[in-house]
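K.L.:
Structure provided below as structure tokens; questions to follow.
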Amino acid sequence: MSFTDQTHHIQSPPYEDASMHPEFHPLMAQNNPTPLEQMLHAMFLQMNNTNQALMTMLTQRQEQTFQRDSKIRPKPFSGLPTEDVLTWLDHFDNVASYHQWDDPRKAMEARTLFENIAATWFIQQEEATKNNWNLIRDKLVENFANQDVAQTTLHQL
């Protein structure tokens, strides 16, 4: 469906605020606006309605994109010696950037991804840590990045 096809399905929204009504416009408040002033004002109103319709269409398109992209999720983290927490954090940050998550959202999303040892570790954290992405990330590195690298390498081979 082309852009022009999509715009035919969008109706101009009703007036959104008083400033869009001709009777509230300074030029129209004059007793006798010139025909040129009337024409310019009509063009302004049409542009405003067109902009409103385009914004509505873009918002709907973004919502549809979000619904499709919600399937892109970070992988779980178990905290096992065979997992590299730095690789997991890099993956998580990539997905978070894709979804444009802020730090509070990252903290909320991360807490749903911990399994096994990592889930037990997370439960033991203070509430202030659980709600702060920067603290979660720092403590993950502190607790899981120093695992036996040789064991992890052997297991991966």
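Any read-out appearing in this document is the output of simple, stated calculations on the displayed coordinates, not a laboratory observation. Values in this document were obtained by computation on a predicted structure and should not be read as measured data.
K.L.:
To the nearest µm²/s, what D does Stokes-Einstein give for segment 85-156 at 10 °C and 1.306 mPa s, using the Kirkwood radius over alpha carbon pairs as Rh?
P.N.:
Here the translational diffusion coefficient equals 123 µm²/s.
K.L.:
Per residue of segment 32-49, in order, report the coupling 6.51 cos²θ - 1.76 cosθ + 1.60 (Karplus, θ = phi - 60°) as ³J(HN,Hα) in whole Hz, putting x for Gly and Pro.
P.N.:
Listing the rounded values in order: 9, x, 6, x, 5, 5, 5, 5, 4, 5, 5, 5, 4, 4, 5, 4, 5, 5 Hz.
K.L.:
Search the structure for amide H atoms under 5 Å from the amide H of PHE77, placed 1.01 Å from N in the peptide plane, and list their residues when 5 or more places away or on another chain.
P.N.:
Here the answer is PHE114, GLU115, since their amide H atoms fall under 5 Å of that of PHE77.
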